[in-house]
Amino acid sequence: DGGITQSPKYLFRKEGQNVTLSCEQNLNHDAMYWYRQDPGQGLRLIYYSQIVNDFQKGDIAEGYSVSREKKESFPLTVTSAQKNPTAFYLCASSMGGTPGQETQYFGPGTRLLVL
Amino acid sequence: QKEVEQNSGPLSVPEGAIASLNCTYSDRVSQSFFWYRQYSGKSPELIMSIYSNGDKEDGRFTAQLNKASQYVSLLIRDSQPSDSATYLCAVNHAGGTSYGKLTFGQGTILTVHP
């Protein structure tokens with residue numbers, strides 16, 4: 001089945017700890033995205049990548065880091081610098097950035113909680 | 001002014017009625033518009049995309065786009081309790097380094113009561 005997988009479903013972070021959220025897609029999509037969603041809020045863009053080995057900061061990149069070493073994978077690290085990391089994290093992918101290719105499809109999400 | 005703004009809701013309609021969800025956007029050069037549905041605790045799923053002025057119909061869903069007024073709406077006919085969810089409007093950023101970026105509205109919670 002083609003799709004986007006995220007793991008783990010739930011993640012607990014201790015004070016001062018870095019944690020990494022996994023996102024994998026087998027849709028052969030070029031572009032991948034990370035969003036954060038807080039209760040009752042829309043989606044805010046953290047980072048996005050249009051192509052392997054390249055990525056750009058979104059609107060709320062501080063305290064987060066990413067890598068894009070493979071087309072299929074776009075892991076997100078929540079660093080200890082992110083002081084309020086509790087949120088629902090969503091990974092998405094799209095074919096590209098031109099009209100008609102921008103439709104983003106989402107993974108099931110990872111819920112991050114702070115201990 | 002928010003870049004993408006949705007009617008605040010929550011919106012409550014009886015089963016069988018038409019639900020109307022509205023969205024305005026500020027970027028005049030936006031070309032692509034999307035509606036997503038998000039059930040509580042789940043990730044967003046695409047309902048419809050629209051690129052040209054006018055109406056686009058898919059089953060019980062109709063998207064309407066008016067670029068001159070910078071307005072996009074979603075109508076749900078014959079609303080069902082299973083339509084109860086948060087509906088997210090998303091708008092693209094055209095060209096340049098914003099390639100592929102979407103901006104999402106804050107969402108409208110829809111409740112369809114029997």
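The values are calculated or read from the model by the stated rules, or taken from the named source; none is laboratory data. Note that the coordinates shown come from a computational prediction; the quantities given were computed from them, not determined experimentally. Ideal geometry is used to build each Cβ from the backbone, glycine not excepted, and the neighbour counts take in all protein chains shown. Only protein heavy atoms, including side chains, enter the accessible area calculation; ligands, DNA and RNA are left aside. Shrake-Rupley method; radii C 1.70, N 1.55, O 1.52, S 1.80 Å.
In this structure, is residue B:22 surrounded by 16 or more Cβ atoms within 10 Å (Cβ to Cβ), within 14 Å of chain A (Cβ to nearest Cβ) and not acidic (Asp, Glu)? In short, no.
Only a single criterion out of (1) over 10 Å from the mean Cα position of the chain (by Cα); (2) over 30 Å from residue A:6 (Cα atoms); (3) open to solvent by less than 50 Å² (accessible area, probe 1.4 Å) is not satisfied by residue B:68, namely (3).
Which of the strands (runs of 3 or more DSSP E) found entirely inside the range A:4-51 contain at least 2 residues meeting this: farther than 20 Å from residue A:93 by Cα, of a type outside the set (Val, Ile, Thr) and in contact with a Cys (Cβ under 7 Å, 6 or more places away or on another chain)?
Details: elements: A:4-7, A:10-13, A:19-25, A:31-37, A:43-51.
Output list is empty.
Residues of the range B:25-34 being within 11 Å of chain A (Cβ to nearest Cβ) and open to solvent by less than 50 Å² (accessible area, probe 1.4 Å), which ones? If you could, list the steps in order and put the result at the bottom.
Quick first cut of the range B:25-34, residues within 11 Å of chain A (Cβ to nearest Cβ) only: B:30-34.
Of everything in the range B:25-34, those that are within 11 Å of chain A (Cβ to nearest Cβ) and open to solvent by less than 50 Å² (accessible area, probe 1.4 Å) turn out to be B:30, B:32, B:33, B:34.
For residue A:76, are the conditions met, namely being open to solvent by less than 10 Å² (accessible area, probe 1.4 Å) and aliphatic (A, V, I, L, M)? Working first, answer last.
On the way: open to solvent by less than 10 Å² (accessible area, probe 1.4 Å): yes; aliphatic (A, V, I, L, M): yes.
Spelling it out, residue A:76 is indeed open to solvent by less than 10 Å² (accessible area, probe 1.4 Å) and aliphatic (A, V, I, L, M).
With respect to being within 14 Å of the chain's Cα centre (by Cα) and either open to solvent by less than 50 Å² (accessible area, probe 1.4 Å) or of a type in the set (Gly, Ala, Ser) (or both), residue B:12 falls outside the description. Considered as a group, the residues in the range A:31-45 that are facing chain B (nearest Cβ under 9 Å) and open to solvent by 40 Å² or more (accessible area, probe 1.4 Å) include one that is farthest from the chain's Cα centre (by Cα), and that residue is A:40. Of the strands (runs of 3 or more DSSP E) lying entirely inside the range A:52-115, the ones with 1 or more residues being over 18 Å from residue A:8 (Cα atoms) are found at A:54-57, A:87-94.
Among what's in the range B:48-60 and is loosely packed, with under 14 Cβ neighbours inside 10 Å and part of a strand (DSSP E or B), pick the residue that is nearest to the other protein chains (Cβ to nearest Cβ). This residue is B:58.
Of the residues making up the range B:39-47, not a single one is more than 14 Å from chain A (Cβ to nearest Cβ), part of a strand (DSSP E or B) and surrounded by 14 or more Cβ atoms within 10 Å (Cβ to Cβ). Residues in the range A:87-97 that are under 23 Å from residue A:50 (Cβ atoms) and more than 8 Å from every other protein chain (Cβ to nearest Cβ): A:89, A:91, A:92, A:93, A:95.
The rows are residues; the columns are (1) without any contact (Cβ under 8 Å) to a residue 12 or more places away in the chain; (2) more than 13 Å from chain B (Cβ to nearest Cβ); (3) crowded, with 21+ Cβ neighbours inside 10 Å; (4) touching a helix residue (DSSP H, G or I) at 6+ places or on another chain (Cβ under 8 Å).
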position: A:47; (1), (2), (3), (4): no, no, yes, no
position: A:70; (1), (2), (3), (4): no, yes, no, no
position: A:85; (1), (2), (3), (4): no, yes, no, no
position: A:108; (1), (2), (3), (4): no, no, no, no
